[in-house]
Amino acid sequence: MKKIASLFMVLALCGCGSQEIESIRLSCDQKEVEPDETIQIEVQVEPDSIELSEDAFHATKDPDLKWDGEILRFRADEAGDYQITASQDGISSNTLILSVKEDTESSKEPEETEETEETANQEASEDQEESNPAAQPSTPEESDDEYLVSWSQNDPLRVDEVWQYGDVLVNTDQDVWVRGQLPQAIRDEEEGMILWNEDQSVMIQIEDPDHQIQQGNQAITLVGPISKTDSGYKITVKRVF
């Protein structure tokens, strides 16, 4: 009888150790945050007996994230949108977006200074044109960011660069080559199909009208136009490599 009881205990322990993460969800009632304000993000893991490590959490723009095993605390002093995600054992969460407001007190003087400098430069430029009629202003092509962006087959963009040059890519009529990482689960419950950067801190959405993507958890190159969405950017797939 003792041997049988011991066997049941071993089997029970093995069963407990084989649990795997089914889903991770991040939520927060507050979407807009004041600079240097600390807010709490609720983290739900199924099954709830599994604990996430602090390395599981990622965010854009490098805010201050602190995880105590139950609550994730967020704080940032730089204005802008922050994407927060969690990923462990091949399972990724939804993308939570928090907006840090502009610090109006500290931005008043720089705005006035910039306006003064801009006015002075404009007046100097007008004086120069009057004194030198042959002087011509630089054409948009000479300073346009579009000429600094490459999206060829030999040099595809990273997902980070899609965010960096998003406005240029949205306005171009060319197909863009983008290299990234597909998650293990191809389709996210909220975002649909997504493409991560290398450290899974930034993502873009994927629209695959011809169902060319059949397998997740792999590096992949997608070709197609870039468009803007409510939460970021999206690539409509024409070709897959």
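The values are calculated or read from the model by the stated rules, or taken from the named source; none is laboratory data. Remember, it's a predicted structure, so these values are computed and weren't measured experimentally. Heads up, the Cβs are rebuilt from the backbone with ideal geometry, glycines too, and the neighbour counts pull from every protein chain shown.
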Residue pairs qualifying under the 8 Å Cβ cut-off, at least six apart or on distinct chains, with the first in segment 59-75 being small (Gly, Ala, Ser) and the second being assigned to a strand (DSSP E or B), are Ala59/Leu65; Ala59/Phe74; Ala59/Tyr82; Ala59/Gln83; Ala59/Ile84; Ala59/Thr85
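Considering only segment 44-93, state which residues are part of a loop (DSSP other than H, G, I, E, B) and touching a Leu at 6+ places or on another chain (Cβ under 6 Å). Working first, answer last.
Step one: filter segment 44-93 for residues part of a loop (DSSP other than H, G, I, E, B), giving 47-53, 60-63, 68-70, 76-79, 89-90, 93.
Ser93, the sole residue that qualifies.
Taking Ala124, is it modelled with pLDDT of 90 or more, small (Gly, Ala, Ser), out of contact with any Phe, Trp or Tyr (no Cβ under 9 Å at 6 or more places or on another chain) and farther than 26 Å from Gly192 by Cα? Full working, then the answer.
Values: modelled with pLDDT of 90 or more: no; small (Gly, Ala, Ser): yes; out of contact with any Phe, Trp or Tyr (no Cβ under 9 Å at 6 or more places or on another chain): yes; farther than 26 Å from Gly192 by Cα: yes.
Taking the combined requirement at face value, the residue does not satisfy it.
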Under the condition of being touching a residue at least 60 places away in the same chain (Cβ under 8 Å) and part of a loop (DSSP other than H, G, I, E, B), which residue from segment 214-240 is nearest to Glu161 (Cα to Cα)?
Gly232
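What number of residues in segment 172-189 are of a type outside the set (D, E, K, R), surrounded by 16 or more Cβ atoms within 10 Å (Cβ to Cβ) and either on the phi > 0 side of the Ramachandran plot or modelled with pLDDT of 80 or more (or both)? Before the answer, list the steps.
Our first condition is that a residue be of a type outside the set (D, E, K, R); within segment 172-189, this holds for 172, 174, 176-178, 180-186.
Subset that is surrounded by 16 or more Cβ atoms within 10 Å (Cβ to Cβ): 176-178, 180-183, 186.
So of that shortlist, the ones also either on the phi > 0 side of the Ramachandran plot or modelled with pLDDT of 80 or more (or both) come out as 176-178, 180-183.
Matching residues across segment 172-189 total 7.
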Filtered residue count, segment 19-29, keeping only those that are part of a loop (DSSP other than H, G, I, E, B) and surrounded by 13 or more Cβ atoms within 10 Å (Cβ to Cβ)
2
Tell me which of these Ala86 doesn't satisfy, since it passes every other one: (1) closer than 24 Å to Leu182 by Cα; (2) in contact with a helix residue (DSSP H, G or I) (Cβ under 7 Å, 6 or more places away or on another chain); (3) without any contact (Cβ under 8 Å) to a residue 40 or more places away in the chain.
(3)
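Conditions (1) aliphatic (A, V, I, L, M); (2) modelled with pLDDT of 85 or more; (3) assigned by TED's automatic domain parsing to the domain that holds Asp62; (4) touching a helix residue (DSSP H, G or I) at 6+ places or on another chain (Cβ under 9 Å), marked per residue:
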position: Glu142; (1), (2), (3), (4): no, no, no, no
position: Gln153; (1), (2), (3), (4): no, no, no, no
position: Asp160; (1), (2), (3), (4): no, yes, no, no
position: Val170; (1), (2), (3), (4): yes, yes, no, no
position: Leu195; (1), (2), (3), (4): yes, yes, no, yes
position: Asp208; (1), (2), (3), (4): no, yes, no, no
position: Gly232; (1), (2), (3), (4): no, yes, no, yes
position: Ile235; (1), (2), (3), (4): yes, yes, no, yes
